[in-house]
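**Student:** Sharing a structure below in C-alpha cells format, with a few things to ask.
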Amino acid sequence: MVRGLRHNFEFEGYQVCVARDGEAAIDETFHSNPDIILLDVMLPKLSGLDVCRHLRAKGVTTPIIMLTARGQETDKVVGLEVGADDYVTKPFSIKELLARVRVHLRRATNGVRTLERYKFGDVELDFRKYRAVRAGRPIDLSPREFEILKCLILHENEIVTRDQLLDEVWGLENYPITRTVDNHIAKLRQKIEVSPSDPEHIITVHRIGYKFAS
C-alpha cells in the first residue's frame, strides 16, 4: 500500500516521505515538517492514534488524515478525539484520497486565520504562539481547543452550528458525529469559564450549536 500511495502521489507532483513505524513517523514529522500527514492506524511500535495524540500534544497542527481498515463509528470518534482532521476507511479510492488531500491542503494554505491575539474577561489568547493565560496564570489549551475558540470568536454573537464547527475546525463537512464537538466544548468551558455549568462566554443554542459572547 505504501508503494502504491507513494507512486500515485509522486505522479501528481507531491514530494513524499515514508515512515515505517509510529516512532519513525514522529521523528519524520519534526524532521521534514510536512504539509499533510497520511497516518495508518495499525503501525508497529506506536499506533497511528498514539502518533496523532503525541503530535497534537506537541503543538503540531499539520492536517492529519487517518487510514484504517476499521469502519466502526467508535473508531472514527477516537480518531477525531485525538486530533485527526479526516478519516478514510480501507479499501479506498485513490482519487477520493487525493481529493481529500487537496481539500485539506487548500484549507491549510488559503484558509489561514488572521486572528492572532484576543482578550475577553480575564482570559488572554495568543493564537500565533498557542498560549493562553487566565487571571495571569497559564492555561493548558490543546491546539484543537484554540481552533474552536478562534472559530467561535471570529463568529462572535453569531450562532455556530456543530456541523459548522466540524467543517471549520476538523475539516469535515456534514459529518454525522457531533458529540465530539460537545465533549470539546465541555472541556473548554472547564478551563475558561468562571462557572462552567452557567457559562457566560460559550453559550449553548439549544439543538443548534453555540454562540460566543465576550
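**Student:** Within the group Lys119, Lys76, which residue is at pLDDT 90 or above and of a type outside the set (A, V, I, L, M, F, W, C)?
**Tutor:** Going through Lys119, Lys76 in turn, just one is at pLDDT 90 or above and of a type outside the set (A, V, I, L, M, F, W, C): Lys119.
Residues checked against (1) touching a helix residue (DSSP H, G or I) at 6+ places or on another chain (Cβ under 6 Å); (2) loosely packed, with under 14 Cβ neighbours inside 10 Å:
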| site | (1), (2) |
| --- | --- |
| Glu124 | no, no |
| Tyr130 | yes, no |
| Val133 | no, no |
| Gly136 | no, yes |
| Asp140 | no, yes |
| Glu145 | yes, no |
| Ile148 | yes, no |
| Cys151 | yes, no |
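Conditions (1) in contact with a helix residue (DSSP H, G or I) (Cβ under 8 Å, 6 or more places away or on another chain); (2) at pLDDT below 85; (3) of a type outside the set (A, V, I, L, M), marked per residue:
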| position | (1), (2), (3) |
| --- | --- |
| Asp35 | yes, no, yes |
| Leu49 | yes, no, no |
| Ile64 | yes, no, no |
| Pro91 | no, yes, yes |
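**Student:** Kindly state which helices (runs of 4 or more DSSP H) lie completely within the stretch 1-91 and contain at least 3 residues that are under 18 Å from Gly171 (Cβ atoms).
**Tutor:** Where helices (runs of 4 or more DSSP H) fall fully within the stretch 1-91 and carry at least 3 residues being under 18 Å from Gly171 (Cβ atoms), they are 48-57, 73-81.
**Student:** How many of the residues making up the stretch 10-58 are within 11 Å of Gly83 (Cα to Cα) and surrounded by fewer than 19 Cβ atoms within 10 Å (Cβ to Cβ)?
**Tutor:** Looking only at that region, the number is 5.
**Student:** Which residues, counting only those in the stretch 92-104, are farther than 26 Å from Glu147 by Cα, outside any loop (DSSP other than H, G, I, E, B) and either in contact (Cβ under 8 Å) with a residue 24 or more places away in the chain or among the polar types (S, T, N, Q) (or both)?
**Tutor:** Of everything in the stretch 92-104, just one residue is farther than 26 Å from Glu147 by Cα, outside any loop (DSSP other than H, G, I, E, B) and either in contact (Cβ under 8 Å) with a residue 24 or more places away in the chain or among the polar types (S, T, N, Q) (or both), namely Ile94.
**Student:** A further question on this structure: Can you name the condition, by its number, that Leu188 falls short on among (1) at pLDDT 95 or above; (2) of a type in the set (A, V, I, L, M, F, W, C); (3) under 26 Å from Gly79 (Cα atoms); (4) not in a helix (DSSP H, G or I)?
**Tutor:** Condition (4) is where Leu188 drops out.
**Student:** For the stretch 126-154, name all the residues that are touching a Leu at 6+ places or on another chain (Cβ under 9 Å), farther than 12 Å from Lys191 by Cα and in a strand (DSSP E or B).
**Tutor:** Listed by number, the list holds a single entry, Arg131.
The values are calculated or read from the model by the stated rules, or taken from the named source; none is laboratory data. Note that this is a predicted model, so its numbers are computed, not measured. Don't worry about glycine lacking a Cβ; one is built from the backbone with ideal geometry, like all the others, and counts go over all protein chains shown.
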